[in-house]
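Colleague: Structure provided below as structure tokens; questions to follow.
Every number here is computed from the coordinates shown, using simple stated rules; none is lab data. Note that the coordinates shown come from a computational prediction; the quantities given were computed from them, not determined experimentally. Methodologically, a virtual Cβ is constructed for each residue, glycine included, from the backbone with ideal geometry; neighbour enumeration extends over all protein chains shown.
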Amino acid sequence: MNGLHGIIFSYEKEPGLRELVEHRMPASIPFGGRYRVIDFMLSNMQNAGITDVGVVLHGNYQSLLDHLGNGKTWDMSRKYGGLRLLPPFADNRKYRSGEEFEGKMQALAGVRSYLQEIRQDYVVVADSDLIINIDLADVFAAHLKSGADITCVCTPNYKETLNATFFQLGEDNKVLKTLCSPKKPEGYHCLEIYILSKDLLLRLVDQCEAEEKISFRSDVLNGMGDQFDIRGYVFNGLAAQIRTVKEYYDRSMDLLNPRVYRELSTAAHPIRAKEDDETPTYIAPESSCTNSLVADGCIIEGTVENSVIFPGVKVAKGAVVKNSILFKNATVEENAEVSYVIADKNVQIRRGSHLTGHENYPMAISKNSVI
């Protein structure tokens, strides 16, 4: 889509994700047996014909860099434009490289020279921790038709409210009121996807920097809302922000419902993931594997029930895996049992071990652990 440019924010600061972000950013957390979380937003943009995307980075982003590469997976490896990785505060020397972003407007001020060079007239701004399959071309068309200054994607179907923004909508979905982190959620949950013109974005960045304002939702949507025509685009499909281990576990388990899985990855709007080139999975005749999502390259010789299994996982004879998520190359040895567990990459669960979490507080095991 020649008229629309993509900006994706990838932050490090999500303490609720605990062990899952010890070695990576939230954007690069594995999800659904074959994806990383950022794959969803990148694929949404690619499906809408967006060819130029900038990913604003900060924190422990080596894993994300390895995953994104040159953007070839999403057809964004191009001589001009394509996927651009934007390091923290790239052109703002008053910040030290070890500091953290405090808000979107501060982050955008740090990459203002990149914004200035955007070739398109409009920009879609989104977070990287959103699991969603949305037609951004339709959102853009609605934005142009309404004549709004800013269009905000929101939903009446929300499950998480941690640090969330809510809108009260009026006629023609005009935003009447913005509620930031309310104690009692009401109205439409903002999904942190916004469309506005490049010129307006630059003006907002300059104004916020001059006035030392850092937040898009508090300082722009709320603080300047009466100055602009802000409209909501109501999305009724599946959408989930990954902010805590519990949210990650619940949304992963949702994928075991075929309807949910089909909604997230459709032939019309596929979600693209980096290829692993794994061999086919082997499930032994005497094993049991039921109601589970199992990726390629696994060896299943024990029992797997209601679980999400990533490539290269080995479940030995006599081992039992229930209601769990095993990341790439995790190993469950003979006669070990795990239940309500999230095992990160290369975790080794030794013979005879018994690990049990709870559906309301799943046990998360750090990368490369031996238990």
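Colleague: I want to make sure I understand the PRE zone here: with the label point 7 angstrom from the Cα of ASN70 toward its beta carbon, which residues in region 267-287 have backbone N atoms less than 16 Å away?
Modeller: 275
Colleague: By the scheme Lys and Arg +1, Asp and Glu -1, what is the net charge of all other residues having a beta-carbon under 14 Å from that of LYS79?
Modeller: Net local charge, LYS79 excluded: +2.
Colleague: Using the per-residue mean of other Cβ atoms lying within 10 Å as a proxy for protection, in what order, highest first, do the peptides 360-369, 314-323 fall?
Modeller: 314-323, 360-369
Colleague: Nearest 5 percent is fine: what portion of the DSSP beta bridges confined to region 282-365 is antiparallel?
Modeller: 5 percent
Colleague: Using only the Cα atoms of region 168-218, build the gyration tensor, take square roots of its eigenvalues as a ≥ b ≥ c, and label the shape rounded, prolate or oblate: rounded if a/c is under 1.5, else prolate if a/b is larger than b/c, else oblate.
Modeller: Oblate shape, in that a/c is at least 1.5 and b/c is the bigger or equal ratio.
Colleague: From the P(r) of region 210-367, could you give the percentage of C-alpha pairs in the tail past 28 Å?
Modeller: 35 percent
Colleague: About its Cα centre, how strong a charge dipole does region 4-264 have in debye, to the nearest 20, once Lys and Arg get +1 and Asp and Glu get -1 at the Cβ?
Modeller: For this selection, approximately 400 debye.
Colleague: Give me a comma-separated list of calculated 3J(HN,Hα) values for region 297-313, in order, Karplus coefficients 6.51, -1.76, 1.60 applied at θ = phi - 60°, integers in Hz, x for any Gly or Pro.
Modeller: x, 9, 10, 10, 10, x, 10, 10, 9, 6, 9, 10, 10, 8, x, x, 6
Colleague: Pull out a ≥ b ≥ c, the square roots of the eigenvalues of the alpha-carbon gyration tensor of region 282-365, then state rounded if a/c is under 1.5, prolate if not and a/b is larger than b/c, and oblate in the remaining case.
Modeller: Rounded, since a/c falls under 1.5.
Colleague: State the Cα centre-to-centre distance between region 195-259 and region 122-139 in whole Å.
Modeller: Comparing the Cα centres of region 195-259 and region 122-139, I get a distance of 10 Å.
Colleague: With runs of 4+ DSSP H residues as the only contributors, calculate the mean residue ellipticity of the chain at 222 nm using -39,500 (n - 2.57) per run, divided by the residue total and rounded to the nearest 500.
Modeller: Estimated from H runs of four or more residues: -5000 deg cm²/dmol.
Colleague: What nm value, rounded to one decimal, do you get for the distance between LYS174 and ASN236 when each label is placed 7 Å out toward the C-beta?
Modeller: Each label point is offset 7 Å from its Cα along the Cβ direction, giving 2.4 nm.
Colleague: Which order do the peptides 352-358, 50-56, 62-68 take when ranked by the mean count of other beta-carbon atoms within 10 Å per residue, highest first?
Modeller: Descending mean neighbour count gives 50-56, 62-68, 352-358.
Colleague: Further question: Under 5 Å between amide hydrogens, which residues at least 5 positions from ARG84 or on another chain qualify, with H placed 1.01 Å from N in the peptide plane?
Modeller: VAL53, GLY54, VAL55
Colleague: What shape does region 4-264 have by the C-alpha gyration tensor, where a ≥ b ≥ c are the square roots of the eigenvalues, rounded means a/c under 1.5, and otherwise prolate means a/b greater than b/c and oblate the rest?
Modeller: Rounded.
Colleague: So, in nm, how far is label ASP199 from label LEU256 when the simple model puts each one 7 Å beyond its Cα toward the Cβ?
Modeller: For ASP199 paired with LEU256, the spin-label model returns 5.4 nm.
Colleague: Could you tell me which trypsin sites (Lys or Arg not before Pro) in region 146-194 are loop residues by DSSP with no more than 12 other beta carbons within 10 angstrom of their beta carbon?
Modeller: When the trypsin sites (Lys or Arg not before Pro) of region 146-194 are filtered for loop state and at most 12 Cβ neighbours within 10 Å, LYS183 remain.
Colleague: Using the alpha-carbon centroid of each, what span in Å lies between region 266-340 and region 8-71?
Modeller: Distance between centres, Cα-based: 23 Å.
Colleague: Mind checking which lysines have their Cα closer than 23 Å to the Cα of LYS198? Skip sequence neighbours fewer than 8 apart in that chain.
Modeller: Output for LYS198: LYS79, LYS104, LYS145, LYS174, LYS213.
Colleague: On to the next question. Please report the antiparallel percentage of DSSP beta bridges with both residues in region 4-264, rounded to the nearest 5.
Modeller: 55 percent
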